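The values are calculated or read from the model by the stated rules, or taken from the named source; none is laboratory data. Predicted model, so just to flag it, every value in this text is computed and none were measured. No Cβ is skipped: glycine too gets one built from the backbone with ideal geometry, and neighbour counts run over all protein chains shown. Accessible surface areas use protein heavy atoms only, side chains included; no ligands, DNA or RNA. Shrake-Rupley method; radii C 1.70, N 1.55, O 1.52, S 1.80 Å.
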Amino acid sequence: MCAKKIAGVLGATGSVGQRFILLLADHPDFELKVLGASPRSAGKKYIDAANWKQTDLMPKSAENIIVSDCSSKNFKDCDIVFSGLDAEYAGPIEKEFVEAGIAVVSNAKNYRREEDVPLVVPIVNPEHLDVVEQKLETAKAEGKPRPGFIVCISNCSTAGLVAPLKPLVDQFGPIDTLTTTTLQAISGAGFSPGVPGIDVLDNIIPYIGGEEDKMEWETKKILGSVSQDKTHVELLTPEEIKVSAQCNRVAVSDGHTECIALKFKNRPAPSVEQVKQCLRDYVCDAYKMKCHSAPEQTIHVLEQPDRPQPRLDRNRDRGYGVSVGRVREDPVLDFKMVVLSHNTIIGAAGSGVLIAEILLARNMI
Ligand SMILES: NC(=O)C1=CN([C@@H]2O[C@H](COP(=O)(O)OP(=O)(O)OC[C@H]3O[C@@H](n4cnc5c(N)ncnc54)[C@H](OP(=O)(O)O)[C@@H]3O)[C@@H](O)[C@H]2O)C=CC1
Ligand SMILES: N[C@@H](CC(=O)OP(=O)(O)O)C(=O)O
């Protein structure tokens, strides 16, 4: 068996960072060695620096790691660095890591819109990693050292949204119009400081800054395609797909729910049964590649009239699967359905780990 790859986590104390710690403990391909966070945490043992909020206990292997500051020299032995950094600080830190030749898989929004940076939901568009492969091959052909690179993970609500869209577009052709109304968990807002109980208990907050724009834009990149020369990703145009999002924060710990409706371009539209069968039959490439964390069932189609529910369904396939229920005809568009995804697993850290498994399988790290 090959030696494990050395991994580091930036923003290791936060909501996403803590999920990375859980997912990387006892991972067969990666050994977590370096943890980074803000100057407030640097120099402390992880157990003292992190305000642990997961329902699983902190892995023993992480407890005594001394938290580093987020300088690339502390991560120079890492084969891969996962970032769960606060977006306010992620930009220059991640840039410095890439310039130091490090492979970074980031949850932060800062580089998602760069045309040569793949924005990847690993159960949907892993082929966008061809852009990275091309960069590595070009450097090799020019006799240059292996360059650093960044792969971005999408916004967490967008990850859940695009999962059922991908097999539908593959089988029935383009989507003309798409609407989504989200009910987002509080873990999505992070832990520093997090959503105050007084704001969210007995309440719904109908605003999440920047979220609607991110969902509308990122969907077009994720469902877009790699350019012929593999140097960048081409987005779907507004003429190709119209997306409208409304985002709400609700008093749920983990798991984003979305009520979506869509209309296909092609007529006649498929039947409800064809739509459900298409979702059930979808097998993501990461599973075909035998990646360790890939979901066995990418999309769980639930038939019970009151499902999916976050507390009952968010952990399907260990949080890497997406649940879809209440698939039915829509009197305005073609279909409507309810989608549930685990926001810190397939919406964040889990996607990061699965992307790294794909990079490893494709020999890019
Ligand atoms: N939560 C979610 O579901 C999702 C979040 N994201 C994105 O992932 C990123 C992390 O989110 P989340 O975990 O929720 O956020 P948190 O607020 O919970 O965590 C932020 C992390 O950044 C660190 N940090 C803060 N300031 C600095 C600094 N100056 N230098 C270095 N590190 C710093 C914090 O360290 P310290 O504890 O020391 O302050 C902490 O580890 C964000 O960009 C977010 O938008 C993406 C998808 C989903
Ligand atoms: N904004 C999401 C979390 C997230 O994914 O944010 P961003 O797209 O900035 O990484 C939430 O609040 O639930």
For region 1-121, build the convex hull from the C-alpha positions and give me its volume per residue in Å³. 118
Within the chain, helix-based [θ] at 222 nm, where runs of 4 or more DSSP H residues each add -39,500 (n - 2.57), nearest 500: -8000 deg cm²/dmol
When the chain is modelled as a GNM with alpha-carbon springs shorter than 10 Å, which of Lys60, Lys221, Lys109 fluctuates the most? Lys60
Can you give the Kirkwood hydrodynamic radius of region 239-365 from its Cα pairs, in Å with one decimal? 16.0
Explain nothing, just the number: dipole magnitude of region 52-150 about its Cα centre with +1 on each Lys and Arg Cβ and -1 on each Asp and Glu Cβ, in debye rounded to the nearest 20. 160
Given unit charges at Cβ for Lys, Arg (+) and Asp, Glu (-), the dipole magnitude of region 1-64 about its Cα centre in debye, nearest 20, is 180
Solvent exposure of region 1-128 as accessible area per residue, Å², 1.4 Å probe: 45
For region 234-343, with only Lys/Arg (+1) and Asp/Glu (-1) charged at the beta-carbon, what is the dipole magnitude about the Cα centre, in debye rounded to 20? 200
If you average 1/r over every pair of different alpha-carbon atoms in region 85-203 and take one over that average, what Kirkwood value in Å do you get? 16.9
I'd like to check one number: the per residue accessible area of region 186-225, probe 1.4 Å, reported in Å² as a whole number. 55
With only alpha-carbon atoms counted, please give the Rg and Dmax of region 194-244, in Å. 16.8, 53
Ignoring GluC sites (Glu not before Pro) that are buried or in helix or strand per DSSP, and keeping those with at most 16 other beta carbon atoms within 10 Å, what is the longest stretch of the chain between them? 1-113
So for region 195-289, if I pair up every lysine 8 or more residues apart or on another chain, how many of those pairs have alpha-carbons under 22 Å apart? 15
Between Arg113 and Asp229, what FRET efficiency comes out of the Förster formula 1/(1 + (r/R0)^6) with R0 = 25 Å and r the beta carbon distance, rounded to 0.05? 0.80
Carbon and sulfur together cover what percent of the accessible area of the chain at a 1.4 Å probe radius? 50
Report the Rg/Rh value for the chain, based on alpha-carbon coordinates and the Kirkwood definition of Rh. 0.96
